[in-house]
1. Between Arg420 and residues 5 or more places away or on another chain, which pairs have amide H atoms under 5 Å apart, with H built 1.01 Å from N, and which residues are they?
2. Grab the Cα-Cα distance for Met70 and Asp51, subtract it from 0.36 nm times how many residues apart they are, and report the gain in nm with one decimal.
3. Suppose only helical runs count, i.e. DSSP H with n ≥ 4. What mean residue ellipticity at 222 nm does that imply for the chain under -39500 (n - 2.57) per run, divided by all residues and rounded to the nearest 500 deg cm²/dmol?
4. If you take the alpha carbon radius of gyration of the chain and divide it by 2.2 N^0.38 Å, what ratio comes out, to two decimals?
5. Report, largest value first, the span of the C-alpha coordinates of the stretch 1-118 along each principal axis, in whole Å.
6. In a GNM of the chain with a 10 Å cut-off on Cα contacts, which of Phe41, Phe272, Phe264 has the highest mean-square fluctuation?
7. Expressed in nm², what is the orientationally averaged projection area of the convex hull enclosing the Cα positions of the stretch 292-338?
8. Out of the trypsin sites (Lys or Arg not before Pro) in the stretch 289-338, which ones are loop residues according to DSSP with at most 16 other C-beta atoms within 10 Å?
Amino acid sequence: MLYLLNDMVEEQLESTKKELDNCSKSDIEKIKVLKLKILWFEAQLEKFKDDIDKQLKEKFQFSIEELYSMYGQYEEKYINIEFHKFSDSAKKFGRKISGFIEYTKEERENLEQELSKKEVSRTNGKVKFKCTSCDDLSEETRKELRETGFLSGDIYEVLASNFPAKKSFGQTGRKEIPNTIEVEFDPSGMDPYKAQLSLFNQRLKDGGKLIDSEIEKLCGFSLYYKPEANKLDIIKNNAFDQDGNKIENVRFQELRVKIFNEDFTQEEVLEFSELLTQRKSNRIELIQAEIKRSTNKKLEKFEQEYPEIYGELLNSTLHFEDEALVYYDSVKPIYWDYRSYLHIYLRHCEELEIEGHFEQKTNFQYSPKDIRRTLKIAIERLIDPINERLAENKEFRVYGNKALYFNGNHYSLHILNDGRVAAFHPLENPEE
């Protein structure tokens, strides 16, 4: 009611001011009356403001516990917030903002604990917010919304959709990545290497970046499909050494395309087999180093105790491909290689779980194929702070209370200064 009265008086004030502006200077009596009315309206507005401030201090409308219970605990719950007209938040951020409430790991855990109590507190505390309708706000102000936030008591009204809400925090068992659409695709009759070459060229054309292993593929594929490409600078500078000899990894990529297209000599089959054996040998050395670091076991002992896991790892030596996960809008391509894969999957993938060796280990709640997608999502969500660190040639880490929250789990991520993913894993396992 106070807001309604305030708005009515504001309209009358503005109307009276306009009437005064249009009033003839000779109409002294009318001017006097209008000025008195303006003074009275302004005094009323000041009284309304004082009454509203007093009521807000005595009993605010939204606590941080209520906001978490109604909106914050659910995944990607988009809300519209209107601030109290005279609040500090309204002055700083405008009357209305839209987006998502954000929490640190510690804040979320504390609120979960509070809501489990018989008597739940009502706290006028800070709310951190990722604003999606902040075109009129500066980057600094948007950052303040996310890192410092505003008082929950400054909120006048919250609007949200009535779509079914889903809570993933604390959910046990296997999860699906939200908003996934399965598309059936029949690749029979398709040349995957020619398609990949086209994608590499398009990425470069669009200003994207390639990692070293992708440049080797670009060169090797190009030398087979487009022999005249050896005149291009990117091929000349990356496919051959100083003596003009073809680089071994480029030759490997060229040969795998020739084998696929059944366009090879017997000598080339032997050459490819030797290069493939060497690649496998190099990767087995990486497996051995990771197993020793993780379990303090020799490879032979590990093979005896975990034959199925060892078989999966051997299979990966042939099929895993280094890959840039983010290459647009990034200071450097952010990628994972075979070392990244081993460290992430051997320690935190349930299918490769080694009982008894990682007391603090936490497993992903996704299938192996979805772990890569989760990693890519994490990088994309953290791309701004990642870019800030990589631009300074520094490593990026997020962990502990500042860990990334996605679909009910908090994640630790470590990226080296060259863009390589060194580690990625969830910080907690939900209790069964």
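1. HN-HN under 5 Å from Arg420: Tyr335.
2. Numbers: separation 19, 0.36 × 19 = 6.84 nm, distance 2.83 nm.
Gain on stretching Met70 to Asp51: 4.0 nm.
3. Values: 16 runs with 213 residues, N = 432.
For the chain, the value works out to -15500 deg cm²/dmol.
4. On the way: Rg = 30.9 Å, N = 432, 2.2 N^0.38 = 22.1 Å.
Ratio of Rg to 2.2 N^0.38 Å for the chain: 1.40.
5. Sorted from largest, the Cα extents of the stretch 1-118 read 70, 27, 20 Å.
6. Phe41
7. Numbers: hull surface 17.8 nm².
Its Cα hull, projected and averaged over all orientations, spans 4.4 nm².
8. Within the stretch 289-338, the qualifying trypsin sites (Lys or Arg not before Pro) (loop, at most 16 other Cβ atoms within 10 Å) are Lys298.
The values are calculated or read from the model by the stated rules, or taken from the named source; none is laboratory data. Because the structure is a prediction, the values reported are computed rather than measured. Cβ atoms come from the backbone with ideal geometry, glycine included; neighbour counts cover every protein chain shown. Please note that ligands, DNA and RNA were not included when accessible areas were found on the heavy atoms of the full protein model with its side chains. Shrake-Rupley method; radii C 1.70, N 1.55, O 1.52, S 1.80 Å.
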